[in-house]
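In what follows, a single structure is set out as structure tokens and then discussed.
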Protein chains: 2
Amino acid sequence: MTTGLPFDDFRALVSNLPKPAVEAVEAVQQRDAVLTKPAGSLGRLEEIAEWLAAWTGRAPAVTRPLVAVFAGNHGVTAQGVSPFPSAVTAQMVENFAAGGAAINQICIAHDIGLKVFDLALDVPTADITQDAALDERSCAATMAFGMESIAGGTDLLCIGEMGIGNTTVAAAIYYALYGGTAQDWAGAGTGADAQGIERKAAVIEKAVALHKPHLKDPFEVLRRLGGREIAAMAGAILAARVERIPVIIDGFVATSAAAILHAASPDALDHCLMGHVSAEQAHIRAIEKLGKKPLLNLGMRLGEGTGAALAVGIVKSAALCHSGMATFEQAGVSDKP
Amino acid sequence: MTTGLPFDDFRALVSNLPKPAVEAVEAVQQRDAVLTKPAGSLGRLEEIAEWLAAWTGRAPAVTRPLVAVFAGNHGVTAQGVSPFPSAVTAQMVENFAAGGAAINQICIAHDIGLKVFDLALDVPTADITQDAALDERSCAATMAFGMESIAGGTDLLCIGEMGIGNTTVAAAIYYALYGGTAQDWAGAGTGADAQGIERKAAVIEKAVALHKPHLKDPFEVLRRLGGREIAAMAGAILAARVERIPVIIDGFVATSAAAILHAASPDALDHCLMGHVSAEQAHIRAIEKLGKKPLLNLGMRLGEGTGAALAVGIVKSAALCHSGMATFEQAGVSDKP
């Protein structure tokens, strides 16, 4: 093992995660059976009501949803992996603050709070084809920062990101964790053409080859191939589990942070839903590796938490249906004999 | 032709439908190209923004969404096609009025207005295995009632329904319009078992055989095999086109009303989105016959407009993203070179 002390706290947390609240789930199942609808007819809304109960320990309710967007910059952009310049990361953080991005509008549409965390944007991570993205202490500190990010409170956390170059970084993480070929995981990102995607695949291949001897450990995958926003997202997802806050994961990049935790412990994402499957070609494969099924499929590939935020409308509806519907007895409706 | 004067007004309407507003669509495309996101990265949200402009003639906006639920009773329930008694239709209408149904909660979650229209629930249509469901005048009058139903105003209409026995009626309509076998179109509805589904298929077969000589005309399909709520939904969808109101169609039964209009004129549903593909097995086949792609797939099979209402959150978000996002120039974000 090449890892040292900085990751020990996280290893301990991941190996001893809170379990689902069985009694709360049973209460949901009992109530669901007498609500004025044919059994099973609300489909995934019924599953979501149980999931909310499992991970909050209470009757399903969503009153303070929050989108947390983590932004980071990446030294690997020196390899020409993105058609946009790195300066766009900070420019988009300004755009979030000014209310001008897509995620701002979706949060308005669904009454969702929005917090943006920029992570040392003027100190990009190292180029992963040359060196580890982060040293152990920086990576662990960024995870800890991510854990603190939810301290203001929420009862449904959406995890999103912004970072020019970070589909390359996410693809490298998937390739390290799941194998296959670099081409399997390289996609168009913000809009690379076929030649650009080939270049990305070559960069991913080179980075994973460089770090190969150290990639058995998921936390080493994170610090060597990841980035600050990915480390922070992993921390936030983990903190939400500890605090009993259900999580909706956004797209291709946010899912790579989740994949690190899943590799560390297969039950680490039981409190997480996948909000939307991205048009980024390899996202569906990553989701399947996590044993998940996305709620939405709208052909989006923007990040920023947009796919997760759109799913909040579904989750809110699931909670309200469960809590607000009348029973057959209350409504005087005849049940199936 | 066996039809008479009552349908002539509808035939005239359907043959001369308003066309999309080309200039409004072009304005959306021009603005979309300079919004702070990679081109195409909002996927179907971008398509929806264009669709709203096409069918309202204005910049995309959703300020007064409405769910209209139409309820009817069906003589074919005498054939034992549903595990629930017909009395449940009126009981559920009371439940809608009292705010206790699933659709009430989803409307709360998404700030949607709700209107429920019960259509002579104490006068079920004739048993379609014995006679035409409705005479021409009743069918045309019910379509006209449906057209009036939206007079209170809305800028996004969701079409839903309630009616014990109406998945049998909808399946008969699809079988008449699209062929195949009765089994292809018969499904579980509110929860029929395998034997119940076989019984439904036999009933559908018998009904379509009885009316076979008259089923070349879509309006005859509607009055012979349909029901009051289906006629009213067809009227409402048509009126929305005339009034330039975009429509979201709900599930298996609501789609059968849309299918009548589509059979009368292939462009009749250009102002309609399919909100959700039902778990009712044949719904996806019906949607494909209409050349549509549903927005959501959440395993629901409840009707009431629930699938359409859930899609409102997506449509609202699409409108807000288009209208509220900053341009690259406004935000000082570098565009792709």
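The values are calculated or read from the model by the stated rules, or taken from the named source; none is laboratory data. Everything numeric in this text was worked out from a predicted model, so none of it was measured. Counting neighbours? That spans all protein chains shown, and the Cβs are built from the backbone with ideal geometry, glycine included. Each accessible area value is taken on the protein alone, full model and side chains, heavy atoms only, with ligands, DNA and RNA left out. Shrake-Rupley method; radii C 1.70, N 1.55, O 1.52, S 1.80 Å.
With θ set to phi - 60°, apply the Karplus curve 6.51 cos²θ - 1.76 cosθ + 1.60 along the stretch B:279-291 and write out the HN-Hα couplings as whole Hz, x wherever there is a Gly or Pro.
6, 4, 4, 8, 4, 4, 5, 5, 4, 5, 4, 8, x
If you build a Gaussian network model of chain B, linking Cα atoms that sit under 10 Å apart, which residue out of B:GLY165, B:GLY226, B:GLY324 swings the most?
B:GLY324
Evaluate the charge dipole of chain A about its Cα centre and quote only its size in Debye, nearest 20, assuming +1 on the Cβ of each Lys and Arg and -1 on the Cβ of each Asp and Glu. Display every interim value, and only then the final one.
Details: 26 positive and 35 negative charges, 71 e Å.
Charge dipole, chain A, about its Cα centre: 340 debye, nearest 20.
Which whole-Hz ³J(HN,Hα) couplings does the stretch B:141-148 yield from phi under the Karplus relation 6.51 cos²θ - 1.76 cosθ + 1.60, θ = phi - 60°, glycine and proline marked x?
In residue order, the calculated couplings are 5, 6, 4, 5, 4, x, 5, 6 Hz.
If amide hydrogens are placed 1.01 Å from N in the peptide plane, which non-local residues have theirs closer than 5 Å to the one on A:LEU156?
Excluding prolines and chain starts, which carry no amide H, the hits are A:ARG64, A:LEU66.
Counting only heavy atoms of protein chains, what accessible area per residue, in Å², does the stretch A:63-317 have with a probe of 1.4 Å?
Accessible area per residue: 30 Å².
Work through the residues other than A:LYS206 whose Cβ is under 15 Å from its Cβ and net out their charges, Lys, Arg +1 and Asp, Glu -1.
Working: positive: A:ARG199, A:LYS200, A:LYS212, A:ARG224; negative: A:ASP127, A:ASP131, A:GLU198, A:GLU205.
Surrounding charge for A:LYS206 is 0.
Residue of B with Cβ nearest the axis relating B to A, plus distance in whole Å?
Taking Cβ atoms only, the nearest residue and its distance are B:GLY313, 2.
GNM on chain A, C-alpha springs below 10 Å: top fluctuator among A:ILE108, A:ILE150, A:ILE249?
Maximum among the listed residues: A:ILE108.
Where in the stretch B:52-80 is the amide nitrogen less than 17 Å from a point lying 7 Å along the Cα-to-Cβ axis of B:GLU148?
Residues B:69-71 qualify, since their backbone N sits under 17 Å from the label point.
Could you work out the helix-only [θ] at 222 nm for chain A, with each DSSP H run of four or more residues adding -39,500 (n - 2.57) and the total divided by the number of residues, to the nearest 500 deg cm²/dmol?
Using -39500 (n - 2.57) per qualifying helix, the result is -15000 deg cm²/dmol.
How much of the accessible area of the protein assembly as shown, probe 1.4 Å, is carbon plus sulfur, in whole percent?
C and S fraction of accessible area: 52 percent.
Which of the pairs A:LYS293/B:LYS19; A:LYS212/A:LYS292; A:LYS292/A:LYS336 have their Cα atoms more than 29 Å apart in this structure?
A:LYS293/B:LYS19; A:LYS292/A:LYS336, as the Cα separations exceed 29 Å there.
Classify the stretch B:63-317 from the C-alpha gyration tensor, please: rounded if a/c falls under 1.5, else prolate or oblate depending on whether a/b exceeds b/c.
Note, shape of the stretch B:63-317 comes out rounded.
Rounded to whole Å, give me the distance from the Cα center of the stretch B:266-337 to that of the stretch A:275-336.
Measuring centre to centre over Cα atoms gives 14 Å.
Once the Cβ-Cβ distance between A:ASP122 and B:ALA87 is put in as r, and R0 is 56 Å, what FRET efficiency do you end up with, to the nearest 0.05?
Efficiency for this residue pair is about 0.20.
If you find the alpha carbon centre of the stretch B:87-141 and of the stretch B:189-242, how far apart are they in angstrom?
That distance is 15 Å.
In nm, to one decimal, how far is the A:ALA12 label point from the B:ALA194 one, both placed 7 Å along Cα→Cβ?
The two pseudo-label positions are separated by 5.6 nm.
Under a 5 Å amide H to amide H cut-off, with H placed in plane at 1.01 Å, what residues pair with B:LEU114 once short-range neighbours are removed?
So B:LEU114 has HN proximity to B:VAL67.
Starting from the Cα gyration tensor of the stretch B:46-191, multiply each eigenvalue by 5, take the square root, and state the resulting semi-axes largest first in whole Å. Present the calculation step by step, with values, prior to reporting the outcome.
Numbers: eigenvalues 174, 75, 53 Å².
The answer is 30, 19, 16 Å, longest axis first.
Using a cut-off of 17 Å between alpha-carbon atoms, which aspartates and glutamates can reach A:LYS115, once sequence neighbours fewer than 8 places away in the same chain are excluded?
Excluding near neighbours in sequence, the set is A:GLU94, A:GLU148, A:ASP155, A:GLU161, A:GLU229, A:ASP250, A:GLU304.
Excluding same-chain residues fewer than 8 positions from B:LYS289, which lysines have a Cα within less than 17 Å of its Cα?
Qualifying lysines at Cα under 17 Å: B:LYS216.
Expected output is a single nm value to one decimal: the length gained when fully extending between A:THR181 and A:ASP131, i.e. 0.36 nm times separation in residues minus the C-alpha distance. What is it?
15.9 nm
For a label point 7 Å from the Cα of B:ALA209 along Cα→C-beta, name the residues of the stretch B:112-133 whose backbone N is under 16 Å from it.
Residues B:128-131 qualify, since their backbone N sits under 16 Å from the label point.
Using only Cα atoms and rounding to the nearest 10 degrees, what angle (0 to 90) does helix A:194-211 make with the longest principal axis of chain A?
80
What residue among A:ALA78, A:ALA188, A:ALA201 shows peak mean-square fluctuation when chain A is described by a Gaussian network model with Cα springs under 10 Å?
Residue with maximal mean-square fluctuation among A:ALA78, A:ALA188, A:ALA201: A:ALA78.
Would you mind computing, in nm to one decimal, how far apart the modelled labels at B:ALA61 and A:THR327 are, each placed 7 Å from Cα along Cα→Cβ?
4.6
Step through the residues of the stretch A:25-30 one at a time and calculate ³J(HN,Hα) from phi using the Karplus curve (6.51 cos²θ - 1.76 cosθ + 1.60, θ = phi - 60°), rounding each to whole Hz and writing x for Gly and Pro.
5, 5, 5, 5, 4, 5
Starting from the Cα of A:SER334, step 7 Å toward the Cβ, then list every residue of the stretch B:53-75 with an amide N under 13 Å from that point.
Label zone hits: B:74.
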